[in-house]
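A.B. asks: First the structure, which I've put down as structure tokens, then a few questions once you've had a look.
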Amino acid sequence: MTDKTKSPKIAAASLSIFTATSLAVLKLLTGLFTGSLAVLTSAIDSLLDILMSGINLMAIRHAEQPADEEHPYGHGKFETLATIFQAFVIAASGVWIIYEAIQRIIEASPIKQTGIGIAVMSVSTVASFMISRHLLKVAKETDSSALEADSLHFSMDVYTNLALLTGLILITLFDLPWLDPVMSILVAIYILFESLRLLRQGMRDILDEQLPETIRHEIEELINDHKDELFDFHNLRTRRAGSQKLIDFHLTVCKHLSVEEAHDVTEYIEKKIGEKITGTDVTIHVEPCRRHDCPGREMCPSQTIRHAKNEQKARLDDSTI
């Protein structure tokens, strides 16, 4: 990709930073003015979103760089490292919020001007919902784990903002100041739970866990579509590096094929897999058929079918001239 500014992943990450910055400043000022830990908690979460979105932007820029001599498999795992780092930072923020909330419960700190806090949390909820939907859409289109993590942050904001908004309304209606730190603790527990999910997701990529069974099934189906021209495939292995899916397997073909013919077969299958599954890097190891009762090139079942298909293609080409 020659012009990185046109990358949908980079554009989405940049929009994420702008949104998180705007919401963080708004909620931080409101939290300091009203003294509400709930609003300050949400502000801290937005500040973390700025940090995470910035990390994602840098990670995506590095991940989209082509492979080089030092990184022959590309730079996709920059996204994975960004995901793991985010998990630890989010977990640390959750622990801090719980600690601060307990202090507020002990000291029984009052809050004021809850109406302003209600208005700010309402705006924040709507903005977080819109940006989370957009990030998730781009993440699915580009298969970006970093953007998916970023989308999760804003989705968390939607739920936490709604919970904190409800708490502020109840505090206003029924004068329940203790509800402010209690709601903050509930939000922090949710943040800790989601950080654990992110960590597990990142560790799966670091430890080269195989791709989901649905993707493996797709690969097997694509190979089996050409089973008539092949003898077998085995040792199918898959793993992920950021948005990139690394696939390799062994392919058994007729031993009478020339190097060029065997290359054409593997290149065709690689192309078909790439068209069906985005972001793939396919490596195929070719093995010759080792049948002891080989009938010879002209009688080989795979070659008979191959010749028939070539003749049919030639006739179609002639008819179009």
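The values are calculated or read from the model by the stated rules, or taken from the named source; none is laboratory data. None of the values given here were measured: they were computed from a predicted structure. Backbone-built Cβ (ideal geometry, glycine too); neighbour counts: all protein chains shown.
A.B. asks: Of all residues in segment 169-197, count the ones that are among the hydrophobic types (A, V, I, L, M, F, W, C), part of a helix (DSSP H, G or I) and either touching a residue at least 24 places away in the same chain (Cβ under 8 Å) or within 30 Å of residue 240 (Cβ to Cβ) (or both).
C.D. replies: The initial filter retains those residues of segment 169-197 that are among the hydrophobic types (A, V, I, L, M, F, W, C), namely 169-171, 173-174, 176, 178-179, 182-183, 185-189, 191-193, 196.
Okay, now just the ones that are also part of a helix (DSSP H, G or I), so 169-171, 173-174, 179, 182-183, 185-189, 191-193, 196.
Checking which are either touching a residue at least 24 places away in the same chain (Cβ under 8 Å) or within 30 Å of residue 240 (Cβ to Cβ) (or both) leaves us with 169, 171, 182-183, 185, 187-189, 191-193, 196.
So the answer is 12.
A.B. asks: Continuing with the same structure: Which condition breaks for residue 183 when tested against (1) surrounded by 14 or more Cβ atoms within 10 Å (Cβ to Cβ); (2) over 30 Å from residue 120 (Cβ atoms)?
C.D. replies: In the conditions (1) surrounded by 14 or more Cβ atoms within 10 Å (Cβ to Cβ); (2) over 30 Å from residue 120 (Cβ atoms), residue 183 misses (2) alone.
A.B. asks: Hey, another quick one. Suppose we keep only residues that are over 30 Å from residue 81 (Cβ atoms) and crowded, with 18+ Cβ neighbours inside 10 Å within segment 231-251. Which one would you say is modelled with the lowest pLDDT?
C.D. replies: Result: 231.
A.B. asks: I've got another one for you. Of the conditions (1) among the hydroxyl-bearing types (Ser, Thr, Tyr); (2) modelled with pLDDT of 70 or more; (3) farther than 18 Å from residue 134 by Cβ; (4) touching an Asp or Glu at 6+ places or on another chain (Cβ under 8 Å), residue 46 fails just one. Which one is it?
C.D. replies: Failed condition: (3).
A.B. asks: Inspect segment 65-88 for any residue being touching a helix residue (DSSP H, G or I) at 6+ places or on another chain (Cβ under 6 Å), part of a helix (DSSP H, G or I) and modelled with pLDDT under 70 and give the result as yes or no.
C.D. replies: From segment 65-88, those touching a helix residue (DSSP H, G or I) at 6+ places or on another chain (Cβ under 6 Å) are 75-76, 78-80, 82-84, 86-87; that's our starting set.
This time we only want the ones that are part of a helix (DSSP H, G or I), so: 78-80, 82-84, 86-87.
Next, only the ones that are modelled with pLDDT under 70 stay: none.
No: zero hits.
A.B. asks: Given the structure, is residue 262 modelled with pLDDT of 80 or more, more than 30 Å from residue 143 (Cβ to Cβ) and not aromatic (Phe, Trp, Tyr)? It would help to see each step written out before you state the result.
C.D. replies: Numbers: modelled with pLDDT of 80 or more: yes; more than 30 Å from residue 143 (Cβ to Cβ): yes; not aromatic (Phe, Trp, Tyr): yes.
Yes: the conditions hold for residue 262.
A.B. asks: Looking at segment 267-278 only, could you name the residues that are surrounded by fewer than 17 Cβ atoms within 10 Å (Cβ to Cβ) and not acidic (Asp, Glu)?
C.D. replies: 268, 271, 272, 274, 276, 278, listed by residue number.
A.B. asks: Applying the selection to segment 154-180, what residues are under 24 Å from the mean Cα position of the chain (by Cα) and surrounded by fewer than 21 Cβ atoms within 10 Å (Cβ to Cβ)?
C.D. replies: Scanning segment 154-180 gives 155, 158, 159.
A.B. asks: If you don't mind, another one. Given the criteria buried (at least 17 other Cβ atoms within 10 Å of the Cβ), within 21 Å of residue 93 (Cα to Cα) and modelled with pLDDT under 80, does residue 38 qualify?
C.D. replies: Details: buried (at least 17 other Cβ atoms within 10 Å of the Cβ): yes; within 21 Å of residue 93 (Cα to Cα): yes; modelled with pLDDT under 80: yes.
When the stated conditions are applied, residue 38 passes them.
A.B. asks: Does residue 217 count as assigned to a strand (DSSP E or B) and at pLDDT 85 or above? Walk me through it before giving the result.
C.D. replies: On the way: assigned to a strand (DSSP E or B): no; at pLDDT 85 or above: yes.
Answer is no for this residue.
A.B. asks: Within segment 85-96, is even one residue without any contact (Cβ under 8 Å) to a residue 12 or more places away in the chain and either closer than 30 Å to residue 174 by Cβ or not aliphatic (A, V, I, L, M) (or both)?
C.D. replies: Applying the first criterion (without any contact (Cβ under 8 Å) to a residue 12 or more places away in the chain) to segment 85-96 yields 92.
Now drop any that are not either closer than 30 Å to residue 174 by Cβ or not aliphatic (A, V, I, L, M) (or both), which leaves none.
No, the conditions are met nowhere in segment 85-96.
A.B. asks: Exactly one condition in (1) in the same structural domain as residue 79 (by TED's automatic domain parsing); (2) touching a residue at least 24 places away in the same chain (Cβ under 8 Å) is false for residue 200; which is it?
C.D. replies: Status for residue 200: all satisfied but (2).
A.B. asks: Hey, another quick one. Within the group 144, 151, which residue is under 16 Å from the mean Cα position of the chain (by Cα), buried (at least 19 other Cβ atoms within 10 Å of the Cβ) and either modelled with pLDDT of 80 or more or among the hydrophobic types (A, V, I, L, M, F, W, C) (or both)? Break it down stepwise before answering.
C.D. replies: Numbers: 144 fails: either modelled with pLDDT of 80 or more or among the hydrophobic types (A, V, I, L, M, F, W, C) (or both).
The conditions single out 151.
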